[in-house]
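S.K.: Pasting in a structure now, in structure tokens, and then I'll have a few things to ask.
The values are calculated or read from the model by the stated rules, or taken from the named source; none is laboratory data. Keep in mind that what you see is a predicted model, and the values were worked out from it rather than measured. Note that we place each Cβ from the backbone using ideal geometry, even for glycine, and neighbour counts take in every protein chain shown. Calculation scope for accessible area: heavy atoms of the full protein, side chains included, ligands and nucleic acids excluded. Shrake-Rupley method; radii C 1.70, N 1.55, O 1.52, S 1.80 Å.
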Amino acid sequence: GDSVTQMEGPVTLSEEAFLTINCTYTATGYPSLFWYVQYPGEGLQLLLKATKADDKGSNKGFEATYRKETTSFHLEKGSVQVSDSAVYFCAQGDAGGTSYGKLTFGQGTILTVHP
Amino acid sequence: GAGVSQTPSNKVTEKGKYVELRCDPISGHTALYWYRQSLGQGPEFLIYFQGTGAADDSGLPNDRFFAVRPEGSVSTLKIQRTERGDSAVYLCASSLDGVAVEQYFGPGTRLTVT
């Protein structure tokens, strides 16, 4: 079945460092891809998305590019802030079955940014 | 506007008891999803409603779990004969329709079975 694999954490960075969190997916077809973020004490929020190959999703300085050839959707940010400390989840949407919007999530990556 | 709400926020119950978890989606959203998130894991899909009907219940772990959405808005997830392994955060999400890519999540209900 479909699955999403994320880079294992936790990830600890200093403020203004470069961030990469790797994500790969296994799915036939062309699923939509997402990054969700869960800040401490809050619910899951959509961070960015891409719906077709070579699309780049971006939001709040974060970017991810849908790479069909490598089945990847790595999350990057050029300069992280303390406020980016959170758990990040990569997810894929159903690639066209009966449950179109059903999401399959990775296990999550904890990011801690120190001043 | 109001987001997805879930009640209760926390529920502690004894093994073998019955529990109901409620989800109130964003007004006008026809698609509703339930997920379960165990500690240190990503959410796992349980069931998807389009309107009043369960379009996909393939994620329900066994027949102790059941969900309804009788009027196409509020949904209730019901767990019978709870077991300690059911302890998790139960998340509800809604989207405009089953095709829309963006899902909006509620804060979750933390269920603890003692």
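S.K.: Here is a list of conditions, (1) within 14 Å of chain A (Cβ to nearest Cβ); (2) over 23 Å from B:Gly16 (Cα atoms), and B:Gly72 meets all of them except one; can you say which number that is?
M.R.: The number of the failed condition is (1).
S.K.: Continuing with this model, one more query. Considering only the range A:76-90, state which residues are open to solvent by less than 80 Å² (accessible area, probe 1.4 Å) and not aliphatic (A, V, I, L, M). Steps first, please.
M.R.: Pass one, the range A:76-90, residues open to solvent by less than 80 Å² (accessible area, probe 1.4 Å): A:76-82, A:84-90.
Selection gives A:Glu76, A:Lys77, A:Gly78, A:Ser79, A:Gln81, A:Asp84, A:Ser85, A:Tyr88, A:Phe89, A:Cys90.
S.K.: Separate question: Looking only at the range B:74-86, decide whether some residue is part of a helix (DSSP H, G or I) and of a type in the set (D, E, K, R).
M.R.: yes
S.K.: If B:Leu91 satisfies all but one of (1) open to solvent by 40 Å² or more (accessible area, probe 1.4 Å); (2) in contact with a Pro (Cβ under 7 Å, 6 or more places away or on another chain); (3) of a type in the set (A, V, I, L, M), what's the number of the condition it fails?
M.R.: B:Leu91 satisfies all of (1) open to solvent by 40 Å² or more (accessible area, probe 1.4 Å); (2) in contact with a Pro (Cβ under 7 Å, 6 or more places away or on another chain); (3) of a type in the set (A, V, I, L, M) except (1).
S.K.: Open to solvent by 10 Å² or more (accessible area, probe 1.4 Å) and more than 26 Å from A:Tyr30 (Cα to Cα) - does that describe any residue in the range B:40-52?
M.R.: yes
S.K.: Taking the range A:39-52 as the search range and keeping residues that are modelled with pLDDT of 90 or more and touching a Phe, Trp or Tyr at 6+ places or on another chain (Cβ under 7 Å), which one is surrounded by the fewest Cβ atoms within 10 Å (Cβ to Cβ)?
M.R.: A:Gln45
S.K.: May I pose another question? So, in the range B:55-73, exactly how many residues are open to solvent by less than 60 Å² (accessible area, probe 1.4 Å) and assigned to a strand (DSSP E or B)?
M.R.: 5
S.K.: Going through the range A:1-57 one residue at a time, which ones are closer than 24 Å to B:Cys92 by Cα, part of a loop (DSSP other than H, G, I, E, B) and within 11 Å of chain B (Cβ to nearest Cβ)?
M.R.: Selection gives A:Gly1, A:Asp2, A:Pro31, A:Ser32, A:Gly41, A:Glu42, A:Gly43, A:Thr51.
S.K.: Evaluate the range B:54-71: report whether one residue or more is touching a Gly at 6+ places or on another chain (Cβ under 6 Å), within 23 Å of A:Leu46 (Cβ to Cβ) and at pLDDT 95 or above.
M.R.: Scanning the range B:54-71, I find no residue that is touching a Gly at 6+ places or on another chain (Cβ under 6 Å), within 23 Å of A:Leu46 (Cβ to Cβ) and at pLDDT 95 or above, so the answer is no.
S.K.: Let me ask you something else. So if I check each of A:Phe62, A:Phe73, A:Phe18, which one is at negative phi, open to solvent by 30 Å² or more (accessible area, probe 1.4 Å) and among the aromatic types (Phe, Trp, Tyr)? I'd like the intermediate steps shown before the answer.
M.R.: Values: A:Phe62 fails: open to solvent by 30 Å² or more (accessible area, probe 1.4 Å); A:Phe73 fails: open to solvent by 30 Å² or more (accessible area, probe 1.4 Å).
Exactly one residue qualifies, and that residue is A:Phe18.
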